[in-house]
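The values are calculated or read from the model by the stated rules, or taken from the named source; none is laboratory data. Values in this document were obtained by computation on a predicted structure and should not be read as measured data. No Cβ is skipped: glycine too gets one built from the backbone with ideal geometry, and neighbour counts run over all protein chains shown. In case anyone asks, the SASA skips ligands and DNA or RNA and just uses the protein heavy atoms, side chains included. Shrake-Rupley method; radii C 1.70, N 1.55, O 1.52, S 1.80 Å.
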Amino acid sequence: MNDATAAERQWTFLTNHARVLVQIARDPGIRVRDIATRCLLTERAVQRIITDLEQAGYLSHERRGRTNHYSVLAGKQLRHPADAGPTVAELLATLLRAPGDGQHHPAPAVPEPAGPRSADQVDGQQGDGLSQGRPTGMDRLDGAVSGAQ
């Protein structure tokens, strides 16, 4: 391989799937168009990635009127064998941290209603869009993805 070919070859640290997942974790009600703009992808590519993530069990969605509301299944293990061990929650906790400040800067959380939680809320369809895949109130990556930006 010559130097010109190597210099022209582009690579990045994150896959497009990771970029899309991060955008959804930041804003569970985000539109495909907005994800595409932020990730520098086409809407069609984003739709394919969302389908991939849903089929693999990393993401689910619920139709609310004319929009989709996504839930990241944060307790799921990372897919590649070399990445075995960490969960999606741990990856997102790292990626949602703002550069240089060591603090997490997630999307604003939806306030939880007072009183008992409904079945929809328990399975991660309400709140910040992240579900550990278990019925507890700990849907927020140890507090890393709740609160105001």
Problem - ARG79, sole failed condition from (1) open to solvent by less than 60 Å² (accessible area, probe 1.4 Å); (2) part of a loop (DSSP other than H, G, I, E, B) - result: (1)
Problem - Filtered residues of the range 53-63 (kept if out of contact with any helix residue (DSSP H, G or I) (no Cβ under 7 Å at 6 or more places or on another chain) and in contact (Cβ under 8 Å) with a residue 24 or more places away in the chain) - result: GLU62
Exercise for the section: For ILE24, state whether it is within 21 Å of ALA89 (Cα to Cα), in contact with a Lys or Arg (Cβ under 9 Å, 6 or more places away or on another chain), modelled with pLDDT of 95 or more and not in a strand (DSSP E or B). Expected result: no
Practice task
Mind listing whichever residues of the range 37-48 are within 14 Å of the chain's Cα centre (by Cα) and open to solvent by less than 40 Å² (accessible area, probe 1.4 Å)?
Solution key: CYS39, VAL46
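Considering only the range 40-72, state which residues are of a type in the set (A, V, I, L, M) and in contact with a Leu (Cβ under 7 Å, 6 or more places away or on another chain).
In the first step, residues of the range 40-72 are kept if they are of a type in the set (A, V, I, L, M); the result is 40-41, 45-46, 49-50, 53, 56, 59, 72.
Correct list: ILE50, LEU53, LEU59, VAL72.
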